[in-house]
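Presented below is the structure to which this report refers.
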Amino acid sequence: MINVKEKWALITGASRGLGRLCALAMAEQGCNLVLHSRNVEHCNGVLDEVKALGVEAYTLQAELSDMKQLENMLDEIDKRGTQIDIIFNNAGLQTTYRTEFLKTPVSDYETSFKINTIAPMMICYHFIEGMKERGFGRIINTSSDINLEPQQGPYSASKAALDKVTRDLGYAYRNSNVIISLSNPAWCKTDMGGTNAFFEPESAIPGLLVGAFVDDKKSGRLFNAQDFKDMTLAEAVEKAETQKSPY
């Protein structure tokens with residue numbers, strides 16, 4: 001299990017839910033944080049919480065369906081001189097549950113792919129060569145296990161596409177110290193998941209974190225967070241490292 005003290009992690013969608021929990025857990029490990037939200041004011045609470053744990057942190061805003069806003073956010077990170085070591089592409093959007101799925105509008109697919117697939121990959125592309133040059137990097141893209149539900153077709157399709165391009169990117173960096181993983185939190189009781197979800201969001205920690213702490217040069221793995229429920233972080237990382245790479 002690696003030491004992330006004084007490294008820098010970018011967490012998208014950090015203002016609430018799973019993103020906030022990831023931010024707090026990483027801060028407890030001494031990791032400095034760039035906290036993203038659609039509205040920077042939404043991150044003020046978590047910013048105070050992580051700073052109280054003794055780490056450096058700042059907030060940035062961008063609407064991830066707007067590629068210009070995303071570019072401006074990435075440029076701001078560069079201007080500040082922050083070298084991103086770890087990326088949690090946590091932010092996501094589920095447009096709506098379409099009971100009449102045959103009437104799903106084009107806009108559902110366009111928005112879903114921009115936020116759930118394109119934005120995460122643009123973030124990866126922006127930082128990954130710097131990680132390679134410095135000899136360290138961890139990328140964790142958030143997957144989903146939604147399946148056989150055409151009512152959620154745009155969300156499901158955009159996450160399936162993210163899975164594919166994440167594994168492909170991981171293959172390009174295989175056997176390096178840039179490790180690229182997928183994490184599946186399962187259906188949690190967040191603002192997006194709703195109150196009928198199966199799991200409390202805290203149950204997804206540390207399963208959502210293990211991709212940042214593995215140290216075995218294996219990319220392309222999907223870590224199902226509920227497989228690590230109630231484990232310590234060290235126990236979760238030890239278990240994660242037994243999981244084979246798909247390559």
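The values are calculated or read from the model by the stated rules, or taken from the named source; none is laboratory data. Just so you know, these numbers come straight off a predicted model, no measurement behind them. Cβ placement follows ideal geometry from the backbone for every residue including glycine, while neighbour counts extend to all protein chains displayed. Each accessible area value is taken on the protein alone, full model and side chains, heavy atoms only, with ligands, DNA and RNA left out. Shrake-Rupley method; radii C 1.70, N 1.55, O 1.52, S 1.80 Å.
Looking at the structure I just gave you, is residue 54 surrounded by fewer than 24 Cβ atoms within 10 Å (Cβ to Cβ) and either of a type outside the set (Gly, Ala, Ser) or part of a loop (DSSP other than H, G, I, E, B) (or both)? It is true that residue 54 is surrounded by fewer than 24 Cβ atoms within 10 Å (Cβ to Cβ) and either of a type outside the set (Gly, Ala, Ser) or part of a loop (DSSP other than H, G, I, E, B) (or both).
Kindly check whether there is at least one residue in the range 41-49 that is closer than 16 Å to residue 91 by Cβ, among the hydrophobic types (A, V, I, L, M, F, W, C), at pLDDT 95 or above and open to solvent by less than 80 Å² (accessible area, probe 1.4 Å). Looking for residues that are closer than 16 Å to residue 91 by Cβ, among the hydrophobic types (A, V, I, L, M, F, W, C), at pLDDT 95 or above and open to solvent by less than 80 Å² (accessible area, probe 1.4 Å), one finds at least one in the range 41-49, hence yes. Restricting attention to the range 20-40, which residues are part of a helix (DSSP H, G or I) and either modelled with pLDDT under 95 or open to solvent by 40 Å² or more (accessible area, probe 1.4 Å) (or both)? Passing the criteria: 20, 28, 40. Contact map, the range 62-89: residues that are under 17 Å from residue 141 (Cβ atoms) paired with residues that are open to solvent by less than 70 Å² (accessible area, probe 1.4 Å) and of a type in the set (Lys, Arg), Cβ distance under 6 Å, separation 6+ or inter-chain. Pairs shown: 85/7; 86/138.
This table checks each residue for (1) closer than 21 Å to residue 84 by Cα; (2) at pLDDT below 95.
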{"residue": "163", "(1), (2)": "no, no"}
{"residue": "170", "(1), (2)": "yes, no"}
{"residue": "181", "(1), (2)": "yes, no"}
{"residue": "187", "(1), (2)": "no, yes"}
{"residue": "201", "(1), (2)": "no, yes"}
{"residue": "204", "(1), (2)": "no, yes"}
{"residue": "240", "(1), (2)": "no, no"}
{"residue": "247", "(1), (2)": "no, yes"}
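Among the conditions (1) within 18 Å of residue 117 (Cα to Cα); (2) open to solvent by 40 Å² or more (accessible area, probe 1.4 Å), residue 73 misses just one, which is (2).
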